[in-house]
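Undergrad: Structure incoming, see below.
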Amino acid sequence: MKIFLVAGARPNFMKIAPIVRALKAQSNPQITQIPRIEYKIVHTGQHYDYEMSQAFFDDLEIPKPDFFLDAGSGSHAAQTTKIMVSFEEVCSNERPDLVIVVGDVNSTLACSVVAKKLLIDVGHVEAGLRSFDLTMPEEINRIVTDSISDYFFVTEKSAVKNLLKEGKPKERIHFVGNVMIDNLFHQLKCLNSENPTKFPTYELKRALDDYIFLTLHRPSNVDSRETLAEIVEALNEISVEIPIVFPVHPRTKKMLDTFNIKLSDSITLLEPLGFKKSLYLWKDAVMVMTDSGGLQEETTALGVPRA
Ligand code: UD1
């Protein structure tokens with residue numbers, strides 16, 4: 001059996017890492033009871049900067065992708081179609097038996113649609129999640145992907161309910177737990193056995209007694225001048241009480257520059273961080289402020305207070 005494992009944007013990489021580990025384990029020649037699965041990694045290139053992409057492959061020990069589609073940024077339609085055209089070519093040449101997509105980014109939607117139209121089965125990891133807010137591009141990606149998927153790998157019980165309500169067959173829904181949290185615990189173990197002085201933020205962390213770790217990147221928060229200015233005003237006020245450490249997402253950086261919005265000196269701005277560099281900082285923060293769905297789940301799993 002040949003499987004394609006698709007990833008394109010930062011949150012996807014954390015989700016494929018444990019799947020790759022499991023696939024690697026089954027390819028151990030000493031295990032003979034189960035049929036061998038051949039797997040290929042497809043990176044759509046939706047995220048491409050070193051810290052948004054390669055840093056995650058390095059940290060999470062994901063092998064070099066077999067196919068890199070080099071989609072890059074663009075409007076939703078431009079990005080999605082670029083991924084679709086390239087992925088169609090790869091799928092037509094390789095004819096995998098199953099395409100596994102994860103999460104809810106544009107790459108998830110693009111690759112599931114292409115595979116299904118080529119009559120290739122689709123498995124969706126993190127299926128069934130719904131915000132019931134169609135102004136979020138991710139909600140559209142989730143609904144479309146689930147509407148054509150053959151296998152639903154589900155992280156929480158509410159997702160099972162949503163899928164059953166939408167008429168998905170029960171036997172196709174597999175409540176498997178949360179791959180992102182599997183990845184978190186695995187990486188935490190690795191991190192704890194490493195020398196912290198190797199992290200570039202080691203000195204910063206030592207110098208700050210208490211700090212808030214902040215991430216901010218949702219279009220609904222950063223793409224409007226008024227909303228972003230209001231959020232930054234509040235952050236500037238909070239940072240007087242507790243300093244804030246803020247790795248800035250490229251989208252947010254672009255908007256802060258465009259709107260010429262200034263952050264207070266008590267907010268330390270960093271480049272986007274790879275997985276371990278980020279975990280090293282947020283795991284010991286007094287509080288995490290974030291609009292990332294993934295980080296909300298991860299902080300909950302480690303019991304770090306969040307807002
Ligand atoms: C995407 C996902 C979002 C996820 C987020 C995590 C969709 C619809 N959105 O949003 O669900 O939470 O990733 O980061 O798929 N850019 C760079 N370098 C990069 C990547 C992006 O500079 O490596 C810049 C580009 O200017 C681009 C902007 O960031 O226009 C936004 O990137 P994009 O992939 O369109 O969406 P995200 O906001 O990252």
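Undergrad: Would you mind estimating how fast region 125-167 diffuses translationally, via Stokes-Einstein at 10 °C and 1.306 mPa s with the Kirkwood radius over Cα pairs, in µm²/s?
TA: 154
Undergrad: Computed over the Cα atoms, what is the radius of gyration of region 1-124 divided by 2.2 N^0.38 Å, N being its residue count? Spell out each step's value before the answer.
TA: Numbers: Rg = 14.1 Å, N = 124, 2.2 N^0.38 = 13.7 Å.
That ratio works out to 1.02.
Undergrad: Give me the three principal axis extents of region 252-307 from the C-alpha atoms, as integers in angstrom, largest value leading.
TA: Largest first, region 252-307 extends 36, 22, 22 Å along its Cα principal axes.
Undergrad: Could you state the accessible area per residue of the chain in Å², with a 1.4 Å probe and every protein chain left in place?
TA: Normalised by residue count, the accessible surface of the chain is 48 Å².
Undergrad: May I ask for the net charge around residue 115, where only other residues with Cβ less than 10 Å from the Cβ of residue 115 are counted and Lys, Arg are +1 while Asp, Glu are -1?
TA: Working: positive: 116, 117; negative: 88, 121, 150.
Summing Lys and Arg as +1 and Asp and Glu as -1 gives -1.
Undergrad: Taking region 172-270, how much of its Cα-Cα pair set, in percent, is spaced more than 21 angstrom apart?
TA: 51
Undergrad: Further, regarding this structure: Tally Lys and Arg at +1 and Asp and Glu at -1 over the other residues with C-beta under 12 Å from the C-beta of residue 247: what net charge comes out?
TA: +1
Undergrad: Restricting to DSSP H runs of at least four residues, report the calculated mean residue ellipticity at 222 nm for the chain, -39500 (n - 2.57) per run over all residues, nearest 500 deg cm²/dmol.
TA: Calculated mean residue ellipticity at 222 nm is -14000 deg cm²/dmol.
Undergrad: Would you compute the Debye intensity of the chain from its alpha-carbon atoms alone, equal scatterers and no solvent, and pass along log10 I(q)/I(0) at q = 0.08, 0.10 Å⁻¹ to two decimals?
TA: Rounded to two decimals, the profile gives -0.37, -0.59.
Undergrad: Just report the Cα centroid separation between region 33-87 and region 249-284, whole Å.
TA: 24
Undergrad: Further question on the same structure: Quick one: how many lysine pairs does region 24-128 have with C-alpha atoms less than 18 Å apart and a gap of 8 or more or different chains? Give me the count, please.
TA: Numbers: 24/40; 24/64; 40/64; 40/116; 82/116; 82/117.
Lysine pairs satisfying the spacing and distance rule in region 24-128 number 6.
Undergrad: Next up: Quote the convex hull volume per residue of region 71-168, based on C-alpha atoms, as a whole number of Å³. Each step should come with its number before you reach the end.
TA: Numbers: hull volume 8.6 nm³, N = 98.
With only Cα atoms used, region 71-168 gives 87 Å³ per residue.
Undergrad: Quick one: with all protein chains in place, what share of the accessible area of the chain is carbon or sulfur, to the nearest percent (1.4 Å probe)?
TA: 54
Undergrad: How long is region 53-99 along each principal axis, judged by its Cα atoms, biggest number first, in Å?
TA: Extents along the principal axes: 30, 30, 14 Å.
The values are calculated or read from the model by the stated rules, or taken from the named source; none is laboratory data. Bear in mind that the values here come from a model prediction, so they are computed numbers and not experimental data. When we count neighbours, we look across all protein chains shown, and the Cβ atoms used for this are built from the backbone with ideal geometry, even at glycine. The protein model used for the area step is the full one, side chains on, heavy atoms only, and it has no ligands, DNA or RNA in it. Shrake-Rupley method; radii C 1.70, N 1.55, O 1.52, S 1.80 Å.
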